[in-house]
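Undergrad: Have a look at the structure that comes next, please.
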Amino acid sequence: MISRKIDWLLIVALFPLTAAGLVTVSSFVGEGGFFERQIVWVAISFALMLIVAHFDMSWLKRSHFLISLYIFSVVLLASLFVIGTEINGAFSWISFGSFTFQPADFVKIILILILAKYFSRRHIEIGNPNHIFVTGLYMILPFSLIFLQPDFGSAIILFVIWFGIILVAGISKKHLFIMLGLLGVVSILVWTLLLAPYQQQRIMNFLNPLQDIQGAGYNAYQSTVAVGSGQIFGKGLGYGTQSRLSFLPEYETDFVFAAFAEEWGFIGSLLLLVFFGIVMWRLLRMSYYGASNFEVLYSAGVMMYFMSHIVINIGMNMGLLPVTGITLPFLSAGGSHIMAEFLAIGIALSFYRNAHRTYREDAQTELIGIDLKS
């Protein structure tokens with residue numbers, strides 16, 4: 001029997017979010033089994049979350065296991081350049097018949113786990129600037145491989161996760177901003193000395209796609225039109241013209257928020273944000289009541305993982321941020337990212353549920369300061 005310590009408010013908040021995604025997908029992709037497949041993925045992922053939450057997942061803290069998992073993930077990302085399937089110009093997927101799997105979705109969770117492990121044993125010496133460099137290496141390896149696929153969106157998410165966790169861990173702000181300043185100087189030098197004018201223009205089109213609405217900015221422009229046309233109460237279920245008439249591309253994945261906003265309007269979009277807010281609040285609460293630094297950092301990392309997806313996806317749907325191919329958690333169609341999102345929450349629920357069992361043991365080992373390699 002599942003413990004009463006399961007955060008049912010968090011789980012309940014996931015229902016309207018997944019329902020919103022399913023309803024939006026069914027409005028325009030009613031044929032070809034797309035909607036049915038998405039229901040299956042949601043059901044499997046939801047069951048996985050509950051199963052993981054039911055068991056004690058504290059074995060995920062083991063250093064040797066995490067290092068092995070991290071190495072495997074880096075090797076898997078590297079293998080995509082050989083065995084990966086190209087979709088929309090990116091070698092980001094591995095295909096098994098009709099099933100496609102995107103490793104980057106699960107690498108985000110692995111990065112959260114290994115950063116939580118690293119910093120949970122170093123809170124006493126957190127002022128050492130070497131920690132920024134070491135954890136930066138943990139991030140930069142998968143970041144580079146994902147960036148080269150190219151999958152700019154997922155690479156950005158990895159950076160945000162790393163940056164957020166080192167802030168929560170209490171790293172010296174002085175050292176952090178010195179490092180960011182150096183990165184800024186290097187970026188300026190690369191821009192002025194190494195990039196040709198046409199390469200600079202490509203980057204500018206990426207950062208401000210609406211300046212080229214007939215080319216690179218077409219998707220962003222159609223998305224902003226869809227969001228705006230929903231007005232206060234929306235056009236109604238199945239009456240989103242931007243999506244139905246195929247003006248808005250990829251409305252079931254990258255631009256699902258625009259498709260939803262066109263049908264449900266400002267009120268529906270506001271309710272959607274409320275439920276996202278509940279999920280963020282509960283994850284923040286889990287972090288606050290974590291039994292050890294590991295649980296604190298893991299739950300905070302998962303919250304940043306979701307928050308970055310939400311902010312970037314909605315921002316690009318509204319024309320405020322570059323189009324990066326980032327999915328909207330629990331709404332965008334797709335199997336691997338849905339499973340990864342529910343798995344991340346399931347692990348957080350397990351840590352929260354079993355906090356009372358592991359508190360004394362973790363507190364004792366943290367006082368000793370066990371190294372990550374131990």
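Undergrad: Pick out the one residue from Ser144, Ser154 that is hydroxyl-bearing (Ser, Thr, Tyr), out of contact with any His (no Cβ under 9 Å at 6 or more places or on another chain) and surrounded by 19 or more Cβ atoms within 10 Å (Cβ to Cβ). Working first, answer last.
TA: On the way: Ser144 fails: surrounded by 19 or more Cβ atoms within 10 Å (Cβ to Cβ).
Matching residue, one of Ser144, Ser154: Ser154.
Undergrad: I'd like to know if segment 303-320 contains one or more residues that are part of a loop (DSSP other than H, G, I, E, B) and either polar (S, T, N, Q) or over 29 Å from Asn219 (Cβ atoms) (or both).
TA: Here is the first cut: in segment 303-320, the ones part of a loop (DSSP other than H, G, I, E, B) are 318-320.
Still in the list and also either polar (S, T, N, Q) or over 29 Å from Asn219 (Cβ atoms) (or both): none.
The answer is no; no qualifying residue exists.
Undergrad: Restricting to segment 246-268, name every residue that is buried (at least 22 other Cβ atoms within 10 Å of the Cβ) and in contact with a helix residue (DSSP H, G or I) (Cβ under 7 Å, 6 or more places away or on another chain). Even if it seems obvious, please write down each step before you answer.
TA: In the first step, residues of segment 246-268 are kept if they are buried (at least 22 other Cβ atoms within 10 Å of the Cβ); the result is 248, 251-252, 254-264.
Residues satisfying the conditions are Leu248, Tyr251, Glu252, Phe255, Val256, Phe257, Ala258, Ala259, Phe260, Ala261, Glu262, Glu263.
Undergrad: Here's something else I'd like to know. Does segment 294-316 contain at least one residue that is modelled with pLDDT under 90 and polar (S, T, N, Q)?
TA: No, there is no match, as no residue in segment 294-316 is modelled with pLDDT under 90 and polar (S, T, N, Q).
Undergrad: Cβ-Cβ below 9 Å, separation at least six or inter-chain, first residue in segment 97-125 and crowded, with 22+ Cβ neighbours inside 10 Å and in a loop (DSSP other than H, G, I, E, B), second among the β-branched types (Val, Ile, Thr) and modelled with pLDDT of 90 or more: which pairs?
TA: Pro103/Ile146
Undergrad: Does segment 282-290 contain at least one residue that is within 28 Å of His54 (Cα to Cα) and not in a helix (DSSP H, G or I)? Before the answer, list the steps.
TA: Taking segment 282-290 as the starting set, the residues that turn out to be within 28 Å of His54 (Cα to Cα) are 282-290.
Then drop every residue that is not not in a helix (DSSP H, G or I), which leaves 289-290.
Yes: one or more hits.
Undergrad: Tell me the residue from Ile71, Ile11, Ile44, Ile51 that is under 30 Å from Gly136 (Cβ atoms), among the β-branched types (Val, Ile, Thr) and at pLDDT 85 or above, please. Break it down into steps so the answer makes sense when it comes.
TA: Values: Ile11 fails: under 30 Å from Gly136 (Cβ atoms); Ile44 fails: under 30 Å from Gly136 (Cβ atoms); Ile51 fails: under 30 Å from Gly136 (Cβ atoms).
Within the list Ile71, Ile11, Ile44, Ile51, the selection yields Ile71.
The values are calculated or read from the model by the stated rules, or taken from the named source; none is laboratory data. This is a predicted model, so every value here is computed, not measured. Cβ coordinates were reconstructed from backbone atoms using ideal geometry, including for glycine residues, and neighbour counts include every protein chain displayed.
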